[in-house]
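First the structure, in the form of structure tokens, and then the observations on it.
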Amino acid sequence: MGRFAVPNVETIGPYAYFRRRWRDEQGRQHTQRIPLGRTDAPEFAERLAAAQRPAPEKAGPAAGSIGALIAAFRPVLARRELADATRRNYALYLDRIEADHGHRSVKGLRPAHLYAIRDGLADTPGVARNYLSVFRLLLAFACERDWRADNPAAQIPALPIGEHEPWPADLLQRAIEAASKMLRLAIVTQLCGGQRIGDGIRIQHAWIKPAPGIRGQPGLGICELTQEKTGAQVAFPVHPLWQAEIDRVERKALTLLYDRSGNPFTSVEPLQAQLRRLLADIGAEGHYSFHGLRKNACCYLLELGLSDATVGSLLGMSAQTVRHYGKRTRALMLAREAAHTITAAQVLPLKRNG
């Protein structure tokens, strides 16, 4: 059977679906497919008419609720000067808070509630930290507008997140072998590009430009981007390992990385969630993340003998950050350099008398 000749109706075999599309307040497009059943069924026309009727308007949040507070806060937040990544992050967590607690009373919120919310996210301490941070910002706005007199989130300590560790070589190998094709490309992109994951999902094929080779050897591509968080302009070579992974993945979007629908990622959370599941599946112990791969890239470049200033320029880091990230690597390099001298020296230099 061919496509049914009614606007917004598509068929799969003998069954039809009504497709409704809309955009939310953040401009994200959503699609809903409403099953209509068989096109030759007696009730088909009635189902189609019901699906074509406009969806009823959603009732607004109750007065004094967290949902109403978020609705009042969004336009204020929109006028603040924020980096695009920060703005998207705030919007993401406001959505989550609204979905989880929008029905609750602002005045009824107590510190014990915030502790419970934080502890409920203990498995993902980074998410818990961001969630609590945005909640704290929201409730500070509530105090400013006299929704309540105090901020119950002000004194709630964040969960310890620990320092993101560089990945050991064996963990990298196991993760790459077990990862899906797209997650594998994401891991290698972070390992070789050394950028924040928020910038990693933004990298486009067009940002990689060919570079001339040296002494007849083919040159590496050069990726240029402006970091979203800092505004720093960086350019770094595309390692052959990274280029091989790029070539393995079908090009469906302007970006190297894309979701299951072939669209660029609008948030890092889907990839973060995939990585957490992968690390759990392979039994990884330790605090490993995409950001840890940024440390791997820094350490690798230092081991090649590049200066702190050069590594910082390639990765968009300050020299202080490079020194912090590379402190273990530098200690190991110094130990290796000293090893020959130490083994050649006499540990007991005392001479035997006569």
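Read the figures in this text as sums done on the coordinates, not as results from a lab. Since the structure is predicted, the reported quantities are computational estimates derived from the model, not experimental observations. Every residue, glycine among them, receives a Cβ derived from its backbone with ideal geometry; neighbour counts consider all protein chains shown.
Of all residues in the stretch 140-178, those satisfying the criterion of being buried (at least 20 other Cβ atoms within 10 Å of the Cβ) and over 30 Å from G108 (Cβ atoms) are P166, W167, A175. Would you confirm whether any residue within the stretch 190-207 is in a helix (DSSP H, G or I), small (G, A, S) and surrounded by fewer than 14 Cβ atoms within 10 Å (Cβ to Cβ)? Checking the stretch 190-207: at least one residue is in a helix (DSSP H, G or I), small (G, A, S) and surrounded by fewer than 14 Cβ atoms within 10 Å (Cβ to Cβ). Tell me yes or no: at least one residue of the stretch 277-291 is of a type in the set (A, V, I, L, M, F, W, C), closer than 12 Å to G193 by Cα, part of a helix (DSSP H, G or I) and within 18 Å of the chain's Cα centre (by Cα). Yes.
The residues on offer are R110, R118, and the sole one that is crowded, with 16+ Cβ neighbours inside 10 Å, among the basic types (K, R) and more than 15 Å from the chain's Cα centre (by Cα) is R118. Just wondering, is there one or more residues in the stretch 164-177 that are assigned to a helix (DSSP H, G or I) and touching a strand residue (DSSP E or B) at 6+ places or on another chain (Cβ under 9 Å)? Within the stretch 164-177, none of the residues are assigned to a helix (DSSP H, G or I) and touching a strand residue (DSSP E or B) at 6+ places or on another chain (Cβ under 9 Å).
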